[in-house]
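Everything below concerns the one structure shown next.
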Amino acid sequence: MRSGFKKRGAVLVLFAALMLVAAACSSDSDSTTTTSGETTTTEDMSANAVKTCLVTDLAGVDDRSFNASAWAGVEAAMEQGLATDDSFYLESTDAADWQPNIDQMVTQGCQHIVTVGFALGEVTAINAQAHPEITWTMVDNVLVDENFAPLGLPNVRELVYQTDQAAFAAGYLAAGLSKTGVACTYGGGNFPTVSIFMDGFTRGVDHYNEVKGTDVQVRGWDPEAADGLFTGSFTDMQLARATAESLFQENCDMIIPVGGAINLPAGDVINDLGLDAGMIGVDADAYFAMDEKYQSVWVTTVEKAIAPFVTLSVEDQAHGMWSPGAFVGNLANDGVGLAPYHDWDSKIPAELKAEVEQLLQDIKDGKIKADYTPVGY
């Protein structure tokens, strides 16, 4: 079995399991008949299409990352007749846009609202409580009260991901590939959904050092201080480029930028200067999500199953089987993983590939701890 995230096929196995659990908990949607002593359960698979609307964070729907993935999930629901044809998204260019965007969705009769990104947690919590008749899916955040205790709202499903598990393996891989002995990272802002990648990556490099007796360094994140290098923006590409350039000047040759399209300036530096360096993407397989001119720089991507999980949330409502709470994607349920190596496949030694594969399995089996950032509740 090759190293990596098996894309939607593996995720669909999880979804099928979740659907069976949901069906088992919903007697209203099932009918049972008994024939010749055998019990047969026939599910009522009729769906009532749900008007589904999505609010982006500041990076916009074309961020080639988690906003784009979340909207792809809604589009898939539309294609399957689970979401209505008049479902739509609204982009946010400023935090002040979030409430007016939600107000517009309420006015237009949206039955299911998807909010994308950690920063929208507060506005989601406020509006979900103000509009209990609407179903909400919060991507990348657990809603909490003033004491940071989970709200556990009955009309909100929170999609969260233990991405540090896969990032840990990506850090190990990067350490094994580095020729300079320096890996690095930067993020758009110190949000848990950003720093979790940076932390897992750094700990993975440290694990490689422990196993191999090496001293590969990581610039941009300190696990003890829980702080690192951040641009403070998810849209300022010039600042992102300057940040990447400074890291490459410190001999970094394996980099994982975290924050949507602000990873692309790092790719520009590699391409423009002809650097012998590689990048690791986040959220959605960057090899396909980003422009083709960057394909040669992507070693792999730390993926999370955003689109399928969003589709599933809409599907559950359409079939009357929706339930609230934190849905945690991890290695064990194929909610996170590593994308294929693509153009780098021939550059990675077979021994290192096997070690990464085994590491992913050991993390999945609980033999190696790779999750240090609390996710879910």
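Residues with beta-carbon under 12 Å from that of PHE248, excluding PHE248: net charge, scoring Lys, Arg +1 and Asp, Glu -1?
Working: positive: ARG219, ARG241; negative: GLU245, GLU250, ASP253, ASP268, ASP272, ASP276.
Result for the neighbourhood of PHE248: -4.
Give me the dipole magnitude in Debye, nearest 20, for the chain about the Cα centre, with unit charges on the beta carbon: positive for Lys and Arg, negative for Asp and Glu. Before the final figure, lay out the partial values.
Values: 19 positive and 53 negative charges, 159 e Å.
In debye, rounded to 20, the chain gives about 760.
Among residues other than LEU159 whose Cβ falls under 11 Å from its Cβ, what is the net charge (Lys/Arg +1, Asp/Glu -1)? Intermediate values should be presented prior to the final figure.
On the way: positive: ARG157, LYS304; negative: ASP140, GLU158.
Here the charged neighbours net out to 0.
Could you work out the equivalent-ellipsoid semi-axes for the stretch 95-219, taking the square root of 5 times each eigenvalue of the Cα gyration tensor, largest first, in whole Å?
Working: eigenvalues 312, 37, 25 Å².
So the three semi-axes of the stretch 95-219 are 40, 14, 11 Å.
Per 5 Å bin, what is the whole-percent P(r) computed from every C-alpha pair distance within the stretch 84-150?
3, 15, 30, 27, 16, 6, 1, 1, 0
How tilted is helix 350-364 with respect to the longest principal axis of the chain? Cα atoms for both, answer in degrees (0 to 90, nearest 10).
40 degrees
So how much slack lies between GLU79 and SER323, counting 0.36 nm per residue of separation and subtracting their Cα-Cα distance, in nm?
Values: separation 244, 0.36 × 244 = 87.84 nm, distance 2.25 nm.
That pair, GLU79 and SER323, stretches by 85.6 nm at full extension.
Using square roots of five times the C-alpha gyration tensor eigenvalues, list the equivalent-ellipsoid semi-axes of the stretch 168-225 in whole Å, biggest first. Show your work: numbers first, answer last.
Values: eigenvalues 78, 22, 17 Å².
Equivalent-ellipsoid dimensions as semi-axes: 20, 11, 9 Å.
Using amide H atoms built in the peptide plane, which far-off residues or other-chain residues are under 5 Å from PHE191 H to H?
Correct list: empty.
Take the chain, compute every pairwise Cα distance, and split them into 10 Å bins from 0; I just need the percent in each bin.
Once binned at 10 Å, the Cα pair distances of the chain give 5, 24, 32, 23, 12, 3, 1, 0.
If each DSSP helix of 4+ residues adds -39,500 (n - 2.57) and the sum is divided by the residues in the chain, what number results at 222 nm, nearest 500 deg cm²/dmol? Before the final figure, lay out each step's value.
On the way: 11 runs with 142 residues, N = 377.
One gets -12000 deg cm²/dmol as the mean residue ellipticity at 222 nm.
Taking K and R as +1 and D and E as -1, what net charge do the other residues with C-beta under 9 Å from the C-beta of TRP221 add up to? Provide the component values of the computation, followed by the final result.
Working: positive: ARG219; negative: ASP199, ASP222, ASP227.
Here the count lands on -2.
At a 10 angstrom cut-off on C-beta neighbours, averaged per residue, how do the peptides 104-114, 335-345, 359-369 rank from highest to lowest?
The packing order, highest mean first, is 335-345, 104-114, 359-369.
Among bridges DSSP assigns within the chain, what percent are antiparallel (round to 5)? Intermediate values should be presented prior to the final figure.
Details: 12 of 50 bridges.
Percentage antiparallel, nearest 5: 25.
Please determine, in degrees from 0 to 90 and to the nearest 10, the orientation of helix 306-318 with respect to the longest principal axis defined by the Cα atoms of the chain, where the helix direction is its Cα long axis.
0 degrees
Once amide H atoms are built 1.01 Å from N in the peptide plane, which residues 5 or more positions from ILE256, or in another chain, come under 5 Å H to H?
Residues meeting the amide H criterion: CYS184, THR185, TYR186, ILE280.
How far is the Cα center of the stretch 122-183 from the Cα center of the stretch 236-270, in Å?
Between the Cα centre of the stretch 122-183 and that of the stretch 236-270, the gap is 24 Å.
How far apart, in nm, are the 7 Å Cα→Cβ label points at ILE368 and ASP86?
So the label points at ILE368 and ASP86 sit 5.3 nm apart.
Would you pull out the residues with amide H under 5 Å of THR301's amide H, same chain only if 5 or more places away, H placed 1.01 Å from N?
For THR301, whose amide H was placed from the backbone, the distant partners under 5 Å are GLY281, ALA339.
Normalized C-alpha radius of gyration of the stretch 207-281, against 2.2 N^0.38 Å?
On the way: Rg = 13.1 Å, N = 75, 2.2 N^0.38 = 11.3 Å.
Here the answer is 1.15, to two decimals.
Can you give the angle from 0 to 90° between the axis of helix 66-79 and the longest principal axis of the chain, with both taken from C-alpha atoms, to the nearest 10?
With rounding to tens, the tilt is 30 degrees.
In whole angstrom, and with the biggest value first, how far do the Cα coordinates of the stretch 195-326 range along each principal axis?
55, 35, 27
What ³J(HN,Hα) values, in whole Hz, does the Karplus curve 6.51 cos²θ - 1.76 cosθ + 1.60 give for the stretch 211-218 when θ = phi - 60°, with x put for Gly and Pro?
Values per residue, Gly and Pro as x: 6, 9, x, 9, 9, 5, 9, 10 Hz.
Every number in this text was worked out from the coordinates using simple rules, so none of it is lab data. Keep in mind the model is a prediction, meaning the values are calculated, not measured. Heads up, the Cβs are rebuilt from the backbone with ideal geometry, glycines too, and the neighbour counts pull from every protein chain shown.
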